[in-house]
Amino acid sequence: MSASTKFRIDTKIHDFLMNSSPRAPEPPASKGLMLPDPVFPQYPKLLNEPGPEVSPERRVWRPSQIYRSMRGWLFPYIRSRALSGEFHPITAYLFTEYKCNLDCWYCWAYNNKVKGMTEDVARRSIDWLYDNGCRVLALMGGEPLLRPQFVHKVVYYAAKKGFWIYIATNGRLLRPDVADRLGDAGVAVFNLALDAWDLKPGLPKALVPVEKNLEHISRKQYVYGYMVFFNINICGNNVEDVKKLTEYARSRRIATDYHINETPMLEQDDHFKHLENNPTYIRPQDWRRIDSLIDWLIEKNRLGYQMVNSVARLEEMKAFMRMSSGLDLRKYGWFGDGVTGKAHDAMVASMPGIVEDSGGDLHFTEWNCRAGQNNVVIRTDGTVAPCFPMYPSTYDWGSIDEPKFDGGQLRQMKMQCQRHCFSTLNHNLAYCYNDARVIKWLWSQVIRHGFQGGARSFDD
């Protein structure tokens, strides 16, 4: 039985986002700008320092590294609260590539026919973000490291302008020489997407093929001052892999971030060829196993494992995998066995962020999504979108030369799309876009942690 659908957003808003614009967004005309050639090595002593063989029990951050994080996250937040207007980006996804060297069967975020970003667009994008107060830059793909020299230039230029830079990668191309150049240039985070211990059907993002690269960055993070994350996608065929990756990360003081496998929010073109008969999708017969895995992750979270996800967000994954299946829970029941009633009602009641409408469908309550306000996506051609799930939309939000984000349109769109969206970054951004929570979190970091240690969820 297939649980996949072509898209999971409401049909009316889907058609509006995909069909309402008379033409696709117009990319900005080239100005012929180039990125400066990076100086390497900027720090020769660090290049030759191997780093510790065994990860220290507690991460110690230097004052300059603490300031870099505050300059990236806290200062733009304060600026966004102090200034008038709705568009004050705190985080930005810069899609330098939409090509990829791997073919993960669940992934629609790549198309090998799409040209990579030019130096002109990259430089102007960074300048535009800088002028609008943004200081967090996530380099995305596809696979950003398909052109390592280009990424080196982007990181070098953005770091010189004060950006906190995050690179999402599958790790295959993150060779030690590439990692050292990016560390020297000023990268803040390497986020390795790993779904399996070793290669398996539909899941080529595995630890074994990247282990040597991972060992290198695990040591050198203590030299250059960046962090290493594992970004793990929970699928129908990797339950034991998720546990092994989690324990591996724990043993090496690496933080983890979890997602639940999902079908696209918007319908994809025919480059996305793994919609049917896909072992990575979660079917009703998998729900109990995935519930048990999530309970296991919650237990580890409470034991102090470094996780970006809060306990509440992990719990909500159980509901999301059911609502994103496109199946009628009144028929299949909470456990996929056709049994409905008290168990179903109890699970829904235990998740305050989830509601069940009169038709029996689950969805998220309104959660103050900040897409297009404090978060922005820049496509490879320089056109913009409010968030990652909207990358394939043909609706015209403009470009880095002329953004067209409209508060009324965004609010109308979010009335529907945020009911179906489980974006980790946007949920975290929305949750912390609250002065009282920010003050409480800062106080906790000063008193309990002294701005030291590893990654934690915003609730910690």
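The values are calculated or read from the model by the stated rules, or taken from the named source; none is laboratory data. Just so we're clear, the structure is a prediction, and the values are computed from it rather than from any experiment. Here the Cβ is made from the backbone with ideal geometry for all residues, glycine too, and neighbour counts use every protein chain on show.
List of remarks:
- Filtered residue count, the range 157-190, keeping only those that are under 21 Å from the mean Cα position of the chain (by Cα), among the β-branched types (Val, Ile, Thr) and not in a strand (DSSP E or B): 1
- Among all residues of the range 358-369, there is at least one that is under 26 Å from the mean Cα position of the chain (by Cα) and either closer than 18 Å to Met18 by Cα or of a type in the set (A, V, I, L, M) (or both).
- Residue satisfying condition, being among the hydrophobic types (A, V, I, L, M, F, W, C), touching a helix residue (DSSP H, G or I) at 6+ places or on another chain (Cβ under 8 Å) and on the phi < 0 side of the Ramachandran plot, within set Leu275, Leu297, Leu303: Leu297
- Summed over the range 35-50, residues that are under 29 Å from the mean Cα position of the chain (by Cα) and at pLDDT below 95 total 0.
- In the range 387-429, the residue that is surrounded by the most Cβ atoms within 10 Å (Cβ to Cβ) out of those that are over 14 Å from the mean Cα position of the chain (by Cα) and closer than 21 Å to Ala82 by Cα is Phe405.
- Residue count for the range 112-143 satisfying the condition of being surrounded by fewer than 24 Cβ atoms within 10 Å (Cβ to Cβ), over 24 Å from Pro392 (Cβ atoms) and in contact (Cβ under 8 Å) with a residue 60 or more places away in the chain: 2.
- Residues in the range 334-356 that are within 31 Å of the chain's Cα centre (by Cα) and small (Gly, Ala, Ser) were compared, and the one that is surrounded by the most Cβ atoms within 10 Å (Cβ to Cβ) is Gly336.
- Among the candidates Lys45, Lys6, Lys31, residue that is loosely packed, with under 15 Cβ neighbours inside 10 Å, of a type in the set (D, E, K, R) and assigned to a helix (DSSP H, G or I): Lys45
- Taking the criterion of being under 24 Å from Asn191 (Cβ atoms) and assigned to a loop (DSSP other than H, G, I, E, B), the residues of the range 279-306 that qualify are Thr280, Tyr281, Ile282, Leu303, Gly304, Tyr305, Gln306.
- Per the conditions (1) surrounded by fewer than 17 Cβ atoms within 10 Å (Cβ to Cβ); (2) over 21 Å from Cys421 (Cβ atoms), the sole criterion not satisfied by Lys12 is (2).
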